[in-house]
1. Scan segment 45-66 and tell me whether some residue there is farther than 30 Å from Q241 by Cβ, in a loop (DSSP other than H, G, I, E, B) and at pLDDT 95 or above.
2. Find all pairs meeting these conditions: Cβ atoms under 7 angstrom apart; at least six residues apart or on different chains; first residue within segment 326-341 and under 15 Å from N300 (Cα atoms); second residue open to solvent by 60 Å² or more (accessible area, probe 1.4 Å).
3. Whether any residue in segment 267-287 is in contact (Cβ under 8 Å) with a residue 24 or more places away in the chain, open to solvent by less than 70 Å² (accessible area, probe 1.4 Å) and on the phi > 0 side of the Ramachandran plot is what I want to check.
4. Can you tell me which condition N294 does not meet? The list is (1) surrounded by 15 or more Cβ atoms within 10 Å (Cβ to Cβ); (2) within 24 Å of D14 (Cβ to Cβ); (3) over 16 Å from the mean Cα position of the chain (by Cα), and all the others hold.
5. Restricting the first residue to segment 105-128 and requiring it to be at positive phi, which pairs with a second residue that is hydroxyl-bearing (S, T, Y) and open to solvent by less than 30 Å² (accessible area, probe 1.4 Å) meet a Cβ separation below 7 Å and a spacing of at least six or different chains?
6. I need a count of the residues in segment 364-389 that are without any contact (Cβ under 8 Å) to a residue 40 or more places away in the chain, within 16 Å of D205 (Cβ to Cβ) and not in a strand (DSSP E or B).
7. Being open to solvent by 60 Å² or more (accessible area, probe 1.4 Å) and part of a loop (DSSP other than H, G, I, E, B) is the filter here; which residues of segment 342-363 pass it?
8. Which of the residues that make up segment 48-66 are open to solvent by 60 Å² or more (accessible area, probe 1.4 Å) and closer than 19 Å to S2 by Cβ?
Amino acid sequence: MSQRRVDGLMKGHDDTLEVSDELLQGALANGFVCTTDIEKIRDCNFYVVAVPTPVDDNKNPDLTPLYGASTTVGKVIAKGDVVVYESTVYPGVTEDECIPVVEKVSGLKYNVDFFAGYSPERINPGDKLHTVEKIKKVTSGSKLEIGRLVNEVYSSVITAGTHLAPSIKVAEAAKVIENSQRDINIAFVNELSKIFNKLGIDTLDVLEAAGTKWNFLPFRPGLVGGHCIGVDPYYLAQCAQRHGYNPEIILAGRRMNDGMGEYVADETIKLMLKKGIQVLGAHILILGFTFKENCPDVRNTKVIDIYKALSEYHVRLTVYDPWADPDIVRHEYGIEVCNTLPTEKADAVIMAVAHEEMKHLDIVSLTRPQHVIFDVKGICDRTIVDGRL
């Protein structure tokens, strides 16, 4: 638990910028409380667990945050109470991994003394249009009547409506395939971009033409990071492997997307060499570091892969991102990020994150006369770019 995070929220400001100060301060005025004091939640009877579900260095699911949260719930849960999990997991984690922890710590029996539900988190960071209450919510419960109770609670705040799944495992599976499906679709267009680059065809031109068909899916190539799409497929893959099935398509998509940062770096270097730009000691400017546009979240950002791959060429790197917190980036990745544009001209610029501020930059003015511009996001004037996905 982060006391700093709690203190910020209680002062009426959300560092993630997902909740406006006005909305948060209004909630505080109406009794909303954030705390790290477990005694202050002991009298509650409906607990919601929404902790991260990361993977370790070997891409295996790390359930440590869930075990910790379940231990906390076990210390305060009482007879008749309900605990609902929102963290993205593979089918079976809630009842096979989390609930036994709650039982052990509390001394209570599942579905006799206390009950559970699962309602996967649905949020699109940085999106001020599709906010939580406007996204339909999947709900479930450990018993039929508990499912109805969980559904009723969420229905009271989710204006978009809810969908009551028949079981917790179904709800878990529904969530994990949402992100896996998106991951695979992006991997497909990432592979297309590599093919069309070899053929000298503009990928976005191809996608625009194909998009005239009514049922063509409008996915675009890019970096796939963050704490959902870039992670969740590994949860489903491990679950499948535990049950004796090797998920070929899911893992192939992950390999493709995990390699895009290195691909961008290598393509940038190739373009520099073709223009006769000295690579050793060159100054390369990376625009953007967060995992997606218009949000400060740097968790599992794939821009770090571009940075690491370029570092092997012994170039000088500058990363500019007006949204990223330099202290957090330094702590998590050990590199420096600037919130202001550098004055030194660059030999190459990589447009990595499409923040609104990036769309209005005069990129050419940031470069030396002989330069390379690589547009990862496809937002730059194509007359000035040398390469893009």
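1. Yes, the conditions are met somewhere in segment 45-66.
2. Short answer, once both residue conditions are applied: R330/E336.
3. yes
4. Condition not satisfied by N294: (3).
5. Pairs found: N111/S142.
6. Matching residues across segment 364-389 total 5.
7. The answer is T343, E344, K345, D362.
8. Result: V48, A50, P52, T64.
The values are calculated or read from the model by the stated rules, or taken from the named source; none is laboratory data. Keep in mind that what you see is a predicted model, and the values were worked out from it rather than measured. Neighbour counts are summed over all protein chains in view; Cβ atoms, including those assigned to glycine, are modelled from backbone coordinates with ideal geometry. Side chains are part of the model used for accessible areas, which takes the heavy atoms of the whole protein and leaves out ligands, DNA and RNA. Shrake-Rupley method; radii C 1.70, N 1.55, O 1.52, S 1.80 Å.
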